[in-house]
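Each remark here refers to the structure printed beneath this line.
The numbers here are math on the coordinates, done by the rules we state, and not lab data. Everything quoted here is computed from the prediction, not taken from an experiment. Using ideal geometry, Cβ is built from the backbone for each residue, glycine included, and neighbour counts are taken over all protein chains shown.
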Amino acid sequence: MPVITYGEYSFNTTDLPPVSIQYLLEHYTAHYLGNVQASKVTKWKESNATATEAEIAAQLHQFRVDAIQALKDGTVGTRASSGPRGPKLSPLDTLIRDIAAQGVIATLVQHKLMDEKVAGKLKLKDTITIGTGDGAQVLTFSDMIARRIVNPKYAGEIRAEAQRKLREQERAQAKIMEQAAQTPDLAEALGL
């Protein structure tokens with residue numbers, strides 16, 4: 001079994017006694033078949049607004065059956081096209097990516113390559129054709145974001161804005177922690 005990592009913490013699953021492994025399996029199963037599948041139903045209902053309670057229950061059942069099959073097939077936690085998920089981005093890199101994405105969307109809308117409503121719903125794998133004829137390029141939204149991040153025209157500005165936002169987030173978090181420490185009765189009353 002592999003090493004499991006959560007943030008800065010990690011452990012080798014071979015070091016765990018059977019009771020701990022059973023505990024983790026039971027709790028993950030409850031989360032996976034409960035919350036994760038319920039979330040899928042919520043998303044499914046967005047495009048099936050007139051679904052009856054029976055149809056909703058049937059869809060939840062099907063999601064759970066499919067989830068169990070994915071567990072048996074060993075495909076949970078993998079993407080069909082790229083295998084296991086890569087490492088999570090750092091907070092700074094996440095902000096850089098988000099700022100670059102906003103810039104790409106603004107450029108697409110500004111140059112009338114895409115309607116604002118459509119551009120705001122782009123997924124990383126969505127493709128956009130830039131130009132016409134032999135000079136046309138087909139790029140994914142992800143490619144455009146990556147290009148913008150390394151483009152000398154935007155790279156410094158994107159990084160500076162991301163660093164500024166990260167500092168703001170850190171200050172806000174520190175302020176919340178300081179207030180919570182000064183009013184322990186309130187935090188305790190709220191169960192925090």
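Observations on the model:
- A full extension of the chain between GLN163 and LYS125 corresponds to an added length of 11.0 nm, given 0.36 nm per residue minus the alpha carbon distance.
- Sequence of MET177, MET144, MET114 once ranked by neighbouring C-beta atoms within 10 Å, starting from the fewest: MET177, MET114, MET144
- GNM top mover of ASP73, ASP143, ASP134 - the chain, alpha-carbon springs below 10 Å: ASP134
- Radius ratio Rg over Rh of segment 3-84, counting only Cα atoms, Kirkwood formula for Rh: 1.07
- Per-residue Cβ neighbour rank within 10 angstrom, fewest leading, ARG97, ARG147: ARG147, ARG97
- Distance between the modelled labels on ILE56 and THR132, one decimal in nanometres: 4.8 nm (7 Å Cα→Cβ projection).
- For the chain, alpha-carbon Rg over 2.2 N^0.38 Å: 1.39
- Electrostatic dipole magnitude of the chain [Cβ: Lys, Arg +1; Asp, Glu -1; Cα centre; debye, to 20]: 620
- Kirkwood hydrodynamic radius computed over segment 91-189 comes to 15.9 Å, based on all pairs of distinct alpha carbons.
- Positive-pole candidate from ALA160, GLN137, ALA106, dipole of the chain, charges at beta carbon: GLN137
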